[in-house]
Amino acid sequence: MRAGRWAALVLALTTAVVVSRGVSAHRLDEYLQAARIAVDPSRVELELDLTPGIAVADGIIAEIDHDQDGALGSSEKQAYAEGALRAIAVQIDGQTLQTELMASTFPVPDAFRGGDGTIRLRATAGLPRLPMGTHQLFFRNNYRPDVSVYLANALVPQSDRIAITGQRRDGNQRNLTIDFVVRTEAATSPRLWLLGGIASAALLMAFVTRGARRAVSGHRPVGLTRVMIAWWMR
């Protein structure tokens, strides 16, 4: 358990360092795209931050603002978010997953022009039932390679059943391969604790009831049986 916690801590610190370095090196003429990927036993969650530099901000605004009225309408934002998501490929063990946009937030145009406006997208993809053992998730970002720089990192899994064992990126971080292991459900899970508690209570009830019957029939209960009968019949 300690080894797993240390591995999770190292992964989190590595992710923070890589992201901070990428943000600090973000130039005015680049479109920074930072992806964070979380692997769960039943799904993959994707967070994507898109931050245009000042020199490319007007072009990004124009791409979103289809009617060119200077305002970013809800339908325009939705269309832009879905277009960006369509350019992203996610595969599990070579099988392509269908991602679904769950939420998006957009800054006002002036924030873009100031260089600190970030579009945030959140998407999810359902996973097929994965057997225990090693697996691979492949992520590729194909959106706006003409002006973009990329970052991609795996997040620390929230489930004890998933363990990230490695991350491999290409030179510009458009591609990320995540190696992970699916493990059996921990014996200390809440569900198993509940089932164990119910079974123990049933056995205890039977034990006490049997002792009580023996006492009524004239047999003298001893030891733990006497104590439990006294407690139960209070």
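The values are calculated or read from the model by the stated rules, or taken from the named source; none is laboratory data. Owing to the predicted nature of the structure, the values given are computational and were not obtained by experimental measurement. No Cβ is skipped: glycine too gets one built from the backbone with ideal geometry, and neighbour counts run over all protein chains shown.
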- Message: Looking at region 137-174 only, could you name the residues that are in a strand (DSSP E or B), β-branched (Val, Ile, Thr) and either closer than 16 Å to Glu45 by Cα or outside the structural domain of Gly94 (by TED's automatic domain parsing) (or both)?
- Response: Ile162, Ile164
- Determine whether region 166-176 contains at least one residue that is among the charged types (D, E, K, R), more than 28 Å from Leu50 (Cα to Cα), at pLDDT 95 or above and surrounded by 12 or more Cβ atoms within 10 Å (Cβ to Cβ). no
- Task: Could you please let me know if Ala125 is over 21 Å from Tyr31 (Cβ atoms) and assigned to a strand (DSSP E or B)?
- Result: yes
- Message: Of everything in region 66-79, what is in contact (Cβ under 8 Å) with a residue 24 or more places away in the chain and surrounded by 12 or more Cβ atoms within 10 Å (Cβ to Cβ)? Give them in sequence order.
- Response: Leu72, Lys77, Gln78
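Before we move on, is Leu121 in contact with a helix residue (DSSP H, G or I) (Cβ under 9 Å, 6 or more places away or on another chain), at pLDDT 95 or above and under 30 Å from Val182 (Cα atoms)?
On the way: in contact with a helix residue (DSSP H, G or I) (Cβ under 9 Å, 6 or more places away or on another chain): yes; at pLDDT 95 or above: yes; under 30 Å from Val182 (Cα atoms): yes.
Taking the combined requirement at face value, the residue satisfies it.
Conditions tested, residue by residue: (1) charged (D, E, K, R); (2) under 26 Å from Gly83 (Cα atoms).
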site	(1), (2)
Thr134	no, no
Tyr143	no, yes
Leu155	no, yes
Ser159	no, no
Ala163	no, no
Asp170	yes, yes
Gln173	no, yes
Leu176	no, yes
Arg183	yes, no
- Task: Look through Asp116, Asp179 and report the one residue that is assigned to a loop (DSSP other than H, G, I, E, B) and among the charged types (D, E, K, R).
- Result: Asp116
- Message: Given the criteria in the same structural domain as Pro41 (by TED's automatic domain parsing) and touching a Gly at 6+ places or on another chain (Cβ under 8 Å), does Ala111 qualify?
- Response: yes
- Task: Can you run down the residue pairs with Cβ atoms below 7 Å, 6 or more apart or on separate chains, where the first is in region 51-64 and closer than 11 Å to Ile119 by Cβ and touching a residue at least 24 places away in the same chain (Cβ under 8 Å) and the partner is among the hydrophobic types (A, V, I, L, M, F, W, C) and outside any helix (DSSP H, G or I)?
- Result: Thr51/Leu32; Ile64/Leu72
- Task: Go through the residues of region 92-104 one by one and say whether even a single one is free of Cβ contacts under 8 Å to residues at least 24 places away in the same chain and either buried (at least 16 other Cβ atoms within 10 Å of the Cβ) or part of a helix (DSSP H, G or I) (or both).
- Result: yes
